[in-house]
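Undergrad: Below is the structure I would like to discuss, written out as C-alpha cells.
The values are calculated or read from the model by the stated rules, or taken from the named source; none is laboratory data. Only a predicted model underlies this, so the values are computations on that prediction, with no experimental measurement involved. Methodologically, a virtual Cβ is constructed for each residue, glycine included, from the backbone with ideal geometry; neighbour enumeration extends over all protein chains shown. Heads up: the accessible areas ignore ligands, DNA and RNA and are worked out on the full protein's heavy atoms, side chains in. Shrake-Rupley method; radii C 1.70, N 1.55, O 1.52, S 1.80 Å.
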Amino acid sequence: MLLAIDIGNSNIVIGVHDGQGWPHHWRVQTVRQRMPDEYAVLLRDFLGEAGLTLRDIDQTVLSSVVPQLTRGMADMLAAQTGHAPVLVSAKLDTGIQIVTDQPERVGSDLIANAVAGYARARGNCIVIDFGTATTLTAVAEPGEMRGVAIAAGLTTTADALVGRTAQLPQIELVPPPSAIGRNTIHAMQAGLVLGHIAMVEGLVARIKRELGGAHVIATGGLSTVLQPHTDCFDEVDPWLTLEGLRLIADRNRG
C-alpha cells in the first residue's frame, strides 16, 4: 500500500492507496509548532481507524510547502515505516517537463497537480487548486508545465477583509441569492464568493486563450462548494493532488 502525504499551509492531506483507489483519506489542520512525533501519533490513529498499521505501508510519498515541517516529517516517516519517503521536487522524474524560469522553486503540490492533471486530460489542462492560495497550473502538450497563476485563497481573502474592517462579521463562504446584496451578509458573499468565482473564470479564459484551449480540473477543499456555481470546470476531484503524488511515487519506486 502507498501512503501519500501533502503538507499545505492550512491543511495536511493524508491518503492510502491500495492499488485500485483511495479507500482512506484524511484532512487535518497544519500546525507548524507540532512535533513530528505528534504527527506520528495522529497517523497511527488514522491508520488504526481504517484497520491498518504502518507495517501495511510499503511505499511513502511526501509533498510539503512548509519548510519547518518537511525534514522532520520525512525523518519521522522513515523511522515509522522503515523506508525513506519519496520527497517530491522538480529534481525527480515526474513525467512532465517544468519549463518555468526557476523549476527548483515550483511548489511540490503544484508539481503533483500538474502531473495528475496532464495524466487525466492527456493534453492541455488547467488545474485549479482552492486552498490557502488559489492556484491555476497550466500544462500543455507534450507534457510541459508552463506556469502558474497564484491568488489569495477565498478563506484567506475573507479573513483579511474581516480582520481589517471594524464592522464586517465572519460569514459562511457560500454564494448569496443575488449578486446584488441587500444586507451585509449577502453583500459580503457577493463580493467574496461570486467575486472569487469571477476571478477564476477570468483567469481560466485568459489561460485557455494562451494555451489554445484546455481541460479544466478543480481540486482542493472548496472545489465541490464552488462547482455548482460556475460552468468553467470540466471536472472536480478534491483528491487530485494525492493522485499526482501516487504517479510520481510510481515513477520513482526504489
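Undergrad: Considering only residues of region 204-254 that are aliphatic (A, V, I, L, M) and over 20 Å from the mean Cα position of the chain (by Cα), which is nearest to ASN11 (Cα to Cα)?
TA: The qualifying residue nearest to ASN11 (Cα to Cα) is ALA205.
Undergrad: How about region 1-42: which of its residues are over 19 Å from GLU243 (Cα atoms) and among the hydrophobic types (A, V, I, L, M, F, W, C)?
TA: Answer for region 1-42, where residues must be over 19 Å from GLU243 (Cα atoms) and among the hydrophobic types (A, V, I, L, M, F, W, C): VAL31, MET35, ALA40, VAL41, LEU42.
Residue-by-condition table, conditions (1) under 22 Å from the mean Cα position of the chain (by Cα); (2) modelled with pLDDT under 95:
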{"residue": "GLY131", "(1), (2)": "yes, yes"}
{"residue": "ARG146", "(1), (2)": "yes, no"}
{"residue": "ILE180", "(1), (2)": "no, no"}
{"residue": "ILE185", "(1), (2)": "no, no"}
{"residue": "MET199", "(1), (2)": "yes, no"}
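Undergrad: Now a separate question. Evaluate region 16-23: report whether one residue or more is under 20 Å from ASP75 (Cα atoms) and within 21 Å of the chain's Cα centre (by Cα).
TA: Checked region 16-23: at least one residue is under 20 Å from ASP75 (Cα atoms) and within 21 Å of the chain's Cα centre (by Cα).
Undergrad: Here are some residues: ALA133, ALA138. Which one is touching a helix residue (DSSP H, G or I) at 6+ places or on another chain (Cβ under 6 Å) and within 30 Å of ILE96 (Cα to Cα)?
TA: Going through ALA133, ALA138 in turn, the sole match is ALA138.
Undergrad: Continuing with the same structure: Under 7 Å between Cβ atoms, which residue pairs at least 6 apart in sequence (or on different chains) link something in region 192-214 that is touching a residue at least 60 places away in the same chain (Cβ under 8 Å) with a partner that is of a type in the set (D, E, K, R) and assigned to a helix (DSSP H, G or I)?
TA: ALA214/LYS208
Undergrad: Could you give every pair whose Cβ atoms fall below 9 Å, whose first residue belongs to region 38-53 and is without any contact (Cβ under 8 Å) to a residue 60 or more places away in the chain and on the phi < 0 side of the Ramachandran plot, and whose second residue is in a helix (DSSP H, G or I) and open to solvent by 50 Å² or more (accessible area, probe 1.4 Å), counting only separations of at least 6 or pairs across chains?
TA: Qualifying pairs under 9 Å: ALA40/ALA79; ALA40/GLN80; LEU43/GLN80; ARG44/GLN80; LEU47/ASP56; THR53/ARG44.
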